[in-house]
1. Would you confirm whether or not segment 196-207 contains a residue that is small (Gly, Ala, Ser) and either under 15 Å from the mean Cα position of the chain (by Cα) or modelled with pLDDT under 95 (or both)?
2. For segment 56-77, what are the residues that are part of a helix (DSSP H, G or I) and closer than 19 Å to Phe8 by Cα?
3. Determine the pairs where a residue that is on the phi < 0 side of the Ramachandran plot and at pLDDT below 95, located within segment 81-106, has a partner that is surrounded by 17 or more Cβ atoms within 10 Å (Cβ to Cβ) and assigned to a loop (DSSP other than H, G, I, E, B) with Cβ atoms under 7 Å apart, the partner being 6 or more residues away or on another chain.
4. Run Pro137 past the list (1) loosely packed, with under 15 Cβ neighbours inside 10 Å; (2) in a helix (DSSP H, G or I); (3) at pLDDT 95 or above and report the number of the one that doesn't hold.
Amino acid sequence: MKPFEPVFQRRPWVSGSSALSLYVLPSPAVDTELFNLVAACRAVLEEYPVWCLPDDLIHITIEISSWATSEHISTMQRTRLVSALTARLAGLDPFTVLCGSPVANRSGALLDTHPDQGLTALQNLSRAALWEVHDSPAIAHEGGRGHAALGYAYGCADSDPLQSALRRISPSHAPLTVSSLHLLDVSWTAHPRPDGGVRWEMDWDPVAVIPLGTR
């Protein structure tokens, strides 16, 4: 495990800057099993150099607008993006994904998600809306399989014992109901550490919530 370093437009993130991002957020009222699983994972991760996400920051990243940082995106462009997302997501019905098992990766830990079809469809529609508003520079990466982030490393550690500890968690899976997509203004800030390193932490401001399946 190595320290996590966020990037934007394939370059190191400037501490304190923000970008419009599209996330799936679990509901405390609905996804109780998921929050129980997250709590069990957090108890393990706290013994490692990992910044654990609090419950209100647990998320699945669907897409990030790479066209520009948030301060360069006008109110009109944000309105156009919300309208484009609303129109496209109206035809996608809510769905459920299974989160788990917990996985230790090279820069922290996550919950794998499956099946892939629902999140892939949501990502494709979200990308189409971003391209509609910002053209091709809106997407600056290839993407990957869906996952729910649990925490981000701020130091080096052996991932093998961490993975073994995460594997002992039972139940290791929990459902997540996806009924809306959140447009958020997400920022990353580097916090200095006594050892000379930094711990990157995220935060966000809500912009809009787009429901699925309203057609």
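The values are calculated or read from the model by the stated rules, or taken from the named source; none is laboratory data. This one's a predicted model, so the numbers in the text were calculated from it and none came from an experiment. So basically every Cβ, Gly included, is an ideal-geometry build from the backbone, and we count neighbours across all protein chains shown.
1. yes
2. Those that are part of a helix (DSSP H, G or I) and closer than 19 Å to Phe8 by Cα: Ser70, Glu71, His72.
3. If the second residue must be surrounded by 17 or more Cβ atoms within 10 Å (Cβ to Cβ) and assigned to a loop (DSSP other than H, G, I, E, B), the pairs left are Arg106/Met1.
4. All conditions pass for Pro137, except number (3).
Here is a yes/no grid of residues against (1) in contact with a strand residue (DSSP E or B) (Cβ under 8 Å, 6 or more places away or on another chain); (2) hydroxyl-bearing (Ser, Thr, Tyr); (3) surrounded by fewer than 15 Cβ atoms within 10 Å (Cβ to Cβ):
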site	(1), (2), (3)
Ile64	yes, no, no
Trp67	no, no, no
Met76	no, no, yes
Thr79	no, yes, yes
Thr86	yes, yes, no
Asp93	no, no, yes
Pro102	yes, no, no
Gly108	yes, no, no
Pro115	yes, no, yes
